[in-house]
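Undergrad: My structure is below; once you've seen it, I'll send some questions.
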Amino acid sequence: MIGVLASVFIAYQVVTHWMSEQVVVSCRPDSGRSYCVYHRTTPGLLAPEHEMHVGIADNRGLFYDIPYSVADVQAAWNTETGLLTITMPGTELRIAEAEYRDR
């Protein structure tokens, strides 16, 4: 019984990952490497799940689970300091360059 449940759970995760939608919110304009903010929406059991991450690839970087859809997320890059400000309804997330810089 446990093996069947585990198989169903793994199949569910594979299908929802395949059904997920990922978009680029913003990319740093002055970077030699393309640092971008990505937003992924994945179907959930009760509600969609939203994930945001900052990095040089869509599967590499800082990952955050957030309760907001892509329409509610804006990103702004300060090219002088490297500070990234992500604005969501009622809150802001500020990320210093040292935190998202890939080494």
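The values are calculated or read from the model by the stated rules, or taken from the named source; none is laboratory data. For clarity, every value in this text was computed on a predicted model and none was experimentally measured. Note: ideal-geometry Cβ built from the backbone for every residue, glycine included; neighbour counts use all protein chains shown. For the accessible areas, the whole protein counts, side chains as well, though only heavy atoms, and no ligand, DNA or RNA atoms are used. Shrake-Rupley method; radii C 1.70, N 1.55, O 1.52, S 1.80 Å.
Undergrad: Give the ranking of Arg101, Arg60, Arg28 by solvent-accessible surface, highest area first, calculated with a 1.4 Å probe. Mind showing how you got there, number by number?
TA: Values: Arg101 80, Arg60 115, Arg28 30 Å².
Order by accessible area, largest first: Arg60, Arg101, Arg28.
Undergrad: Which net charge results when you count Lys and Arg as +1 and Asp and Glu as -1 among the other residues whose beta-carbon is under 11 Å from that of Glu80?
TA: Values: positive: none; negative: Asp30, Glu97.
With Lys, Arg at +1 and Asp, Glu at -1, the net is -2.
Undergrad: A further question follows. Please list, in chain and number order, the residues 5+ apart from Glu49 or on another chain whose amide H is under 5 Å from its amide H, with Hs placed from the backbone.
TA: For Glu49, whose amide H was placed from the backbone, the distant partners under 5 Å are Thr42, Gly44.
Undergrad: Let me ask you something else. Using 0.36 nm per residue, how much length does the chain from Glu92 to Tyr68 gain when fully extended, once their Cα-Cα distance is taken away?
TA: Working: separation 24, 0.36 × 24 = 8.64 nm, distance 1.23 nm.
Here the answer is 7.4 nm.
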